[in-house]
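Just so you know, all these numbers are worked out from the coordinates, no wet-lab data involved. Worth saying up front: this structure is predicted, and the values here are computed from it rather than measured. When we count neighbours, we look across all protein chains shown, and the Cβ atoms used for this are built from the backbone with ideal geometry, even at glycine.
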Amino acid sequence: MRAKISDIAKLAGVSTASVSRVLNHQGGYSRQTAERIMKIADDIGYFKDRSAADLASRHNNTIGVIYTDFETNFNDLIIRQIMTAAKQHQLDVILMIAQQNDPAGLTKIVRGMIERRVFAVQFISTHPSFQIINMLNRANIFPQVIGDATNHQVSSVSSDDTQIGYQATRYLIQKGRRRIGFAGPNVHQDYVPRLRFAGYRQALADSGLSFSPDWLYEENYSYQAGIRAAKYYQQQIRLVDAVIGISDEVSWGLLNGFYDAQVDVPNDVALISIDGTELCQQTRPKLTSVTQDFVTMGEKAIDQVINQRDQPHQITTTTVAFRIDPRETT
């Protein structure tokens, strides 16, 4: 049977109110009394019922974090910083993983979060539907998307994806490249690739360069997609003289695919990757990257959650700066 406050009070010979004050560090007791109560609590295996405490205080300190097992590896950077920042602010975190392309499964996870009375739900590398956002709003729970732009009415913390596409393309143009490929997911179906592709097209147009549909390779964010993209580009001689990989994994696949085909990077084809995780420094040659600040995203996400704790329906967009890190593939 689970130990209760009344059990501690009986063994300590004090009131339950005194035990509660000690356990909640509210004062009004001697050090000796506190030490005796804490020792008894430890001896009988007492653990605070956080849900009951939250109900009593009407103030929940728990947030939910939902992420997918995605092809890209930046999730860990964001989650690690969320956990660090949450600890600093004395917040508890419930971490759940959702399967890709499983809306029913995601809905079930969100319902579970609501039942656990979290005051915010953060989505990383997964995009909540309008129905899920509406469900959280009805429950007065703050919904937030981290790491990706979203076309839904929901608070978010991310880079400017249109500018990422624009600046990556502009950088390659400044390096003298004119036939620039774009490899990643479907730019008409996926929102983030669509924004990055729009920035890419705008940079070409601003430089007086025409776009060829043959330069676009659409699949997904994975390493294998990069391998297949390299095969596609090298099948046609001099089709491109540079490629933007929409993720580090795609760019890694492109790099190895070109190596297998004896295409010289960067002399024959330059590569620039989007994300800029540590993978870019582990490849040979090292990948030039548009580097997103995922650590700051995690910090800003917690700040946003705290600032809007009492305003869960207010929508706030936080844009985090990125940079270009020149390395060996351009």
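Assorted remarks:
- Checked against a 26 Å cut-off, the cross-linked pairs 48/87; 4/39; 175/300; 175/231; 4/108 give Cα-Cα distances beyond that limit for 175/300; 4/108.
- Top of 147, 28, 257 by mean-square fluctuation, Gaussian network on the chain, Cα under 10 Å: 28
- The residue list 84, 133, 41 was ranked by how far each Cα lies along the charge dipole of the chain toward its positive end, using unit charges on Cβ atoms, and 41 comes out on top.
- Within the listed set 247, 158, 212, the residue fluctuating most in the Gaussian network model of the chain (springs between alpha-carbon atoms under 10 angstrom) is 212.
- Cα-based shape type of region 5-48, given that a ≥ b ≥ c are square roots of the gyration tensor eigenvalues and the cut on a/c is 1.5: rounded
- Residues 121, 22 arranged by fewest to most Cβ contacts within 10 Å: 22, 121
- Tensor-based shape of region 161-292 (alpha-carbon gyration tensor, a/c under 1.5 rounded, otherwise prolate or oblate): rounded
- Note on the chain: dipole from Cβ charges, positive end direction compared against 266, 63, 198; the farthest Cα belongs to 63.
- Candidates 132, 244, 63: whichever shows maximal mean-square fluctuation once the chain is modelled as a Gaussian network with Cα springs under 10 Å: 132
- Only Lys, Arg, Asp and Glu carry charge here, each on its Cβ (+1 for the first two, -1 for the last two); on that basis the chain has a dipole of about 980 debye about its Cα centre.
- The P(r) of the chain has a tail past 24 Å containing 61 percent of all C-alpha pairs.
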